[in-house]
1. Does region 80-91 contain at least one residue that is part of a loop (DSSP other than H, G, I, E, B), outside the structural domain of Ala193 (by TED's automatic domain parsing) and either modelled with pLDDT of 75 or more or out of contact with any Leu (no Cβ under 9 Å at 6 or more places or on another chain) (or both)?
2. Restricting attention to region 57-80, which residues are exposed (fewer than 14 other Cβ atoms within 10 Å of the Cβ) and among the charged types (D, E, K, R)?
3. From the list Ile178, Ile170, which one is at pLDDT 95 or above, aliphatic (A, V, I, L, M), out of contact with any Phe, Trp or Tyr (no Cβ under 9 Å at 6 or more places or on another chain) and closer than 19 Å to Thr244 by Cβ?
4. If I filter region 144-167 down to residues being among the hydroxyl-bearing types (Ser, Thr, Tyr) and loosely packed, with under 14 Cβ neighbours inside 10 Å, which single residue comes out as modelled with the lowest pLDDT?
5. Among (1) out of contact with any Ser or Thr (no Cβ under 7 Å at 6 or more places or on another chain); (2) outside the structural domain of Leu256 (by TED's automatic domain parsing); (3) not polar (S, T, N, Q), which single condition is Asp168 missing?
6. Residue by residue through region 149-195, note down the ones that are more than 28 Å from the chain's Cα centre (by Cα), part of a helix (DSSP H, G or I) and free of Cβ contacts under 8 Å to residues at least 24 places away in the same chain.
7. Yes or no: region 210-217 includes at least one residue that is surrounded by 12 or more Cβ atoms within 10 Å (Cβ to Cβ) and more than 17 Å from Asn266 (Cα to Cα).
8. Can Gln223 be described as more than 22 Å from Ala265 (Cβ to Cβ) and modelled with pLDDT under 85?
Amino acid sequence: MNPRIKKFFETINQTKLAFFILGIGSTIWFLVRVLPKPSRAGYPCMKAAAPLMSGFVIYLLALGGSVLLFKSAFAKFKQARYLAATVAFFACIMVIMVFNFNNAKSTSANNNLIYDALPDGVNNPMGVGQGIHPGRVVWEWNKSATNENCSNTSLSNCFFQQKNNNQDTINKMANNSIKKLSGKKSVKDGWDAIFKSFNNKKSGTSTGYVVGETIFIKVNNGQAGWAINNNDLSEKETLPIAETTPATVLAILTQLVDSCGIPQANI
């Protein structure tokens, strides 16, 4: 390392350096994420970044404000405007005092207590149930759906590849899940009931799918961008990430297109 750079890091206050780095980073992260979509302010990562950002911004405002007030006081004193100079000077002192002598407390991570028994009791769910049958959750498992010997350690053997997924079995699992969730005996009737329930909640009208409508499905591929080249969408030389497997998406598409007759272009 360059001797000058090494000396700089040896003499600088490490705590202040960390404060500036975290402050700048959290502010940029918050603005980049929240400005395009304000609802992201409720995300856990945004809640973690917000205190760092606000503390850094308040620091800059206090520092900048005190400097401006001091310069203003000095300028007004030179102009013989003693009253205005005195007010500006005392305002500068107040800003410095408020910022430097506040009641700063150390922050530590919150501990999640582990109970021998659930504090809300057994079979006593919290919140308001949602869905066609409010609060209903279905679970489908089949050992043969995936390859249990998949190593998932290289691009040649990933968990989401076709060779490691039994599409027929996954299709059957998806069909069973829709029928259990809706309480219907067929996939078509199940989706029709789900659409009616959804439309009734949103518009007050219990209508099924209408030709021409577009169905939007949010798949959990939030991390995929880290492993994809933006220019040509090709995979980078790393193990791609996909929280939702293609086999699962294909199973749902098969239901909507083949069983429900919904045009593929409208999904």
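1. Step one: filter region 80-91 for residues part of a loop (DSSP other than H, G, I, E, B), giving 80-81.
Of the ones still in play, those that are also outside the structural domain of Ala193 (by TED's automatic domain parsing) are 80-81.
Of the ones still in play, those that are also either modelled with pLDDT of 75 or more or out of contact with any Leu (no Cβ under 9 Å at 6 or more places or on another chain) (or both) are 80-81.
The answer is yes; a qualifying residue exists.
2. Residues satisfying the conditions are Lys71, Lys78.
3. Details: Ile178 fails: out of contact with any Phe, Trp or Tyr (no Cβ under 9 Å at 6 or more places or on another chain).
Criteria check complete, one pass: Ile170.
4. Step one: of region 144-167, the residues among the hydroxyl-bearing types (Ser, Thr, Tyr) are 144, 146, 151, 153-154, 156.
Okay, now just the ones that are also loosely packed, with under 14 Cβ neighbours inside 10 Å, so 144, 151, 153-154, 156.
Numbers: Ser144: 94, Ser151: 86, Thr153: 79, Ser154: 76, Ser156: 82.
Among those residues, the one meeting the criterion is Ser154.
5. It fails just one condition, (2).
6. Selection gives Lys163, Asn164, Asp168, Lys179, Asp189, Gly190.
7. No; the residues of region 210-217 include none that is surrounded by 12 or more Cβ atoms within 10 Å (Cβ to Cβ) and more than 17 Å from Asn266 (Cα to Cα).
8. Values: more than 22 Å from Ala265 (Cβ to Cβ): yes; modelled with pLDDT under 85: yes.
For Gln223, the condition - more than 22 Å from Ala265 (Cβ to Cβ) and modelled with pLDDT under 85 - is met.
The values are calculated or read from the model by the stated rules, or taken from the named source; none is laboratory data. If you're wondering where the values come from, they're calculated on a predicted model, not measured in any experiment. FYI the Cβ positions are ideal-geometry reconstructions off the backbone, even for glycines, and counts take in every protein chain you see.
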